[in-house]
Amino acid sequence: MQNIRILLVDDHQMFRNALRSLLENTVNIEVVGETGDACEIVDLVRKTSADIVCMDIGMSGMNGIEATRKLIGACPTVKVIALSSYSEHKYVQDMMAAGASAYITKVEAADELLRAITAVRQNRKYLCPDVSDALIGAITQRHQNDTSSLTSRERQVLGLVADGNTSLVIADRLNIALSTVEVHRRNILRKLNLHNASELTRYVMSNDILTC
Amino acid sequence: MPQKQAKVLLGESASLTVSQLNRLSSEEKQLLLDELQTHHVQMNMQNEELCLLQTALDAAHSRYLELYNQAPLGYCTVSRHGLILQININASNLLGMMPSEMINERFSQYILKEDMGIHHHHSEQLKLSNDSQSYELRMTKKDGTIFWVQLLGTAEHSAKGSTEFRYILKDTSKRRHTDKALVDSGYKFLLLSENITFGLADCKMIYDELGEPIDYQFLDVNPAYIKMMGINPGYKTATQVFPDIREYSFDWIGAFAYVAKTGNQIHFERFFQFNNRWYDCIAYQSKIDHFVVMFMDITERKAHEEKQWQYTEQISRYADEIKEIYEYAPCGYYSIDKNGYFLHINKMALQWLGYRKDEIVNVCRLQDLLSGATLEDFEKSFLQLQKYGQERDLEVELIRRDGTVFPVLISSSTVYDQDGNYLMSRSTLYDMTERKKMEEERIQYAKQQEMAARHLVASQEHLRQQLSSELHDRTSPNLAAIAINLKVIVSELQPEHTTDFFDRMEDTLALIADTTTSIREICTDMRPPLLDYAGLAAAIETYVQQFKHRTGIEVQFHCLNQSERYTPELESLLFRICQEALTNCLKHAAATSIVITLNNDTRPITLIIMDNGIGFDAEQLGMHGCAGLGLLSMREMTEIMGGSFFLESALGKGTQIKVVVL
């Protein structure tokens, strides 16, 4: 199977490096080039015969949306995966309209980039959970709050909360800082679309969460 | 002489008897007859003469009666027993009667009962001596009127030993009421002065051996005098009664001496140091070296006069002050007639204008001094002033003598005559040069301030934008890079490390996720990148979605023109107001539903944020520290951008915020 040829476009060198090391650890993926300047993208794609372009949006000079539009206009077969710090609806809409095949946020890149690559190789569109959650939320107002998106550590913390432990006790039990427990609690609230401690307590009681 | 002859003849014939006659010879008889005839003629002649005399006497008598009756004085003859024997018309007129009615009536019946004693006393005196008696008493007229009469009585003793009283009557009622009366009646008047309020003193001058007046002696004073001076002088001298009289500021002795000596009347007002009072004095000569002085206490009047004088002084001082204030007040004053001609103008105004008074007053019209640009305003205002009586704060420009123009403020009021016709108007003039300058400076300053405020807002926005993009474009990707690197590292780890290590890794990744989220929130709060990228409507829309997601509060956003773009400052302002309003709703309003409407299809733009929360009493806004501050900053920000901010709220009725920007 031929390697998937990937081109990285981001004006942030360190992030490009991180992406490169992530992708180079993966079989069948080859990073054929990278640039911080979106203006040279068409030439670079033609020169490297890239299959997929990982495109940042907020770049100095030409932004990612404009560059995508130009690139798709020039090379319709190339796939663009938007890799952005923004998760706002408007950016997603514009980027997809410009011709991108996938949209993932940078913070989710570690988990989501490979999934996105797989999807676009199969000519599917792909949106990362952050983005799709927001879109679905806008449509349904109140989306489900299941625990599938929680990490195992977060499930651990949630179980301890359900048992009636205070953050101080949880920190002690898990041998982590109190502030880290608070961080986990905040992330849990966000992922479950809850807004405060009492909503969390109610959730725990009605969903019969057990200690992991 | 025929009379003598006849007498002799008669005498002789009387002694001639018939026998003797018979013895007479015929010759002798003839002689006697002749003689008798002569006598007869003589007798006839004498008789005629007597007749003539009788006629003359009758004429003289009637003339006397006429004089008696018509005399300007009243005459009356009274018998020893008091019956009226004779009375002239003047006297009977005094009593309101005819002489015929009074003959044989009692004289005393016409005298007032109370004064009978006086009359009786003097009548007795008349009977005893030949001296005439003059006295005053009251008589009653037929109609009951009482009047004062001066009687001068004399007694006529006839040979038979009977006595008749003759009286001259003089009406003194009028005289008693005049100063002249006092002169005439002199000291006698004193006797009657019991009831009068002014003091009277009858005195006699005392001279030294050289004839110089040195003192005077009191002869009589009335009760009012005693009361007035608080002392009864009796028969003492002035220097005994008033030991320091010679040292008094006024030469009382000298003044009285002049009167007593010359008979001239003097009238003066003096301060009497003895009892520290003021007197109005009239001094008359009663007889040589005697004088009567009348005192009237005028201390009260003098005090009034003094006070009045002081008032007058004060008023005149005030008038001077007012004049000075008028002339040198820090504002101009003038009056103009109906044509605009100056009637008065103060020095300050003249100084401003650079003219002399005589170049302005009655010579020049106010209109002549007005700049062309403001003349019409003045004419309009002047008509109003004449009609309604008052005009305030008219701004016009005056032209100085040197041709330069300065702004003034005029306030005027009209003076009308009794018929309501315009007489003149009085105006106050304020030089506005400084004020105008200050106003301009103030406007300039306000402009600068507004610019500074705008600049501040702009630079603040710029700073927020920079910080936001820094965080967004650098910190966030860094964190993302760290997360990716951690994943890569984890994938490289040996399986025996992983369990405990994996938990640590998840903690670290959770920290990164939380940090990334908080950075995103900070960025949104500071300045969402979307605002620059997609504009106000998209930014609000997204913020609303996030807010709903975060808080669970229902928020609707309506916008007519999604793609319209404005200046970054205005977009930022409206976005921030939305943000602030939503934050307030979350923190204070306990709202469950919020509606945001952006009317931006036409100018002015209106942004309305309405919630169904608990609301608040807008007047007690100060009580809600945080909410107040948030609202205050919203209002301030709006005003900096030249917009208007409206807030409507009531307890239990939610809150509506409305921002209107041109």
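The values are calculated or read from the model by the stated rules, or taken from the named source; none is laboratory data. Just so you know, these numbers come straight off a predicted model, no measurement behind them. Note that each Cβ is placed from the backbone with ideal geometry, even for glycine, and that neighbours are counted across all protein chains shown. To get the accessible areas, we keep the full protein, side chains included, count just its heavy atoms, and leave off ligands, DNA and RNA. Shrake-Rupley method; radii C 1.70, N 1.55, O 1.52, S 1.80 Å.
Data for the structure
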| quantity | calculated |
| --- | --- |
| Residues of segment A:157-191 that turn out to be more than 12 Å from chain B (Cβ to nearest Cβ), open to solvent by less than 70 Å² (accessible area, probe 1.4 Å) and outside any helix (DSSP H, G or I), as a count | 2 |
| Single residue of B:ARG454, B:ARG474 found to be outside the structural domain of B:GLY340 (by TED's automatic domain parsing), open to solvent by 40 Å² or more (accessible area, probe 1.4 Å) and either touching an Asp or Glu at 6+ places or on another chain (Cβ under 6 Å) or closer than 27 Å to A:SER85 by Cβ (or both) | B:ARG474 |
| Hey, B:MET98 out of contact with any strand residue (DSSP E or B) (no Cβ under 6 Å at 6 or more places or on another chain) and either open to solvent by less than 50 Å² (accessible area, probe 1.4 Å) or under 30 Å from B:LYS127 (Cβ atoms) (or both) or not | yes |
| Checklist (1) in a helix (DSSP H, G or I); (2) among the β-branched types (Val, Ile, Thr); (3) within 12 Å of another protein chain (Cβ to nearest Cβ) applied to A:ILE104, failing item | (1) |
| Candidates B:GLN494, B:GLN386 - the one that is touching a strand residue (DSSP E or B) at 6+ places or on another chain (Cβ under 9 Å) and open to solvent by 40 Å² or more (accessible area, probe 1.4 Å) | B:GLN386 |
| Any chance A:VAL107 is assigned by TED's automatic domain parsing to the domain that holds A:LYS191 and open to solvent by 30 Å² or more (accessible area, probe 1.4 Å) | no |
| Only one of B:GLU450, B:GLU470 that is in a helix (DSSP H, G or I), under 25 Å from B:GLU571 (Cα atoms) and within 14 Å of another protein chain (Cβ to nearest Cβ) | B:GLU470 |
| Filter result for B:LYS287 (open to solvent by 20 Å² or more (accessible area, probe 1.4 Å) and at pLDDT 85 or above) | no |
| Hey, B:ALA539 under 30 Å from B:ALA453 (Cβ atoms), facing chain A (nearest Cβ under 9 Å) and open to solvent by less than 10 Å² (accessible area, probe 1.4 Å) or not | yes |
| Wholly within segment A:1-95, helices (runs of 4 or more DSSP H) carrying at least 1 residues that are within 14 Å of another protein chain (Cβ to nearest Cβ) and open to solvent by less than 60 Å² (accessible area, probe 1.4 Å) | A:13-24, A:64-74 |
| Extreme residue, nearest to B:GLU569 (Cα to Cα), among residues of segment B:516-531 that are within 10 Å of chain A (Cβ to nearest Cβ), in contact (Cβ under 8 Å) with a residue 40 or more places away in the chain and open to solvent by 20 Å² or more (accessible area, probe 1.4 Å) | B:PRO529 |
| Single unsatisfied condition, B:SER633 versus (1) touching a strand residue (DSSP E or B) at 6+ places or on another chain (Cβ under 6 Å); (2) at pLDDT below 85; (3) of a type in the set (Ser, Thr, Tyr) | (1) |
| Residues within segment B:500-515 that are closer than 18 Å to A:ALA109 by Cβ and either facing chain A (nearest Cβ under 7 Å) or in contact with a Lys or Arg (Cβ under 7 Å, 6 or more places away or on another chain) (or both), tallied | 5 |
| Helices (runs of 4 or more DSSP H) contained in segment B:26-136 and holding at least 2 residues of a type in the set (A, V, I, L, M) | B:26-70, B:89-94, B:116-128 |
| Options B:ALA480, B:ALA513: the member that is open to solvent by less than 20 Å² (accessible area, probe 1.4 Å) and either on the phi > 0 side of the Ramachandran plot or modelled with pLDDT of 80 or more (or both) | B:ALA480 |
| Which listed residue, of B:VAL555, B:VAL488, is outside any helix (DSSP H, G or I) and either surrounded by 15 or more Cβ atoms within 10 Å (Cβ to Cβ) or facing chain A (nearest Cβ under 9 Å) (or both) | B:VAL555 |
| Residue pairs meeting the criteria (Cβ under 6 Å; at least 6 apart or on separate chains; first surrounded by 15 or more Cβ atoms within 10 Å (Cβ to Cβ), in segment B:337-355; second of a type in the set (Val, Ile, Thr) and not in a loop (DSSP other than H, G, I, E, B)) | B:PHE342/B:ILE336; B:PHE342/B:ILE360; B:ILE345/B:ILE360 |
| Failed item in (1) within 14 Å of chain A (Cβ to nearest Cβ); (2) surrounded by 15 or more Cβ atoms within 10 Å (Cβ to Cβ), with B:THR592 passing the rest | (2) |
| The lone exception for B:GLN545 - which of (1) more than 30 Å from B:HIS455 (Cα to Cα); (2) open to solvent by less than 30 Å² (accessible area, probe 1.4 Å) it fails | (2) |
| Cβ pairs under 6 Å, 6+ apart, first in segment A:74-103 and on the phi > 0 side of the Ramachandran plot, second assigned to a helix (DSSP H, G or I) | A:GLY99/A:THR68; A:GLY99/A:ILE72 |
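Matching residues to (1) of a type in the set (D, E, K, R); (2) more than 19 Å from B:ILE596 (Cα to Cα):
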site	(1), (2)
B:ILE522	no, yes
B:PRO529	no, yes
B:GLU541	yes, no
B:PHE547	no, no
B:PHE557	no, no
B:LEU560	no, no
B:SER563	no, no
B:PRO568	no, yes
B:THR583	no, no
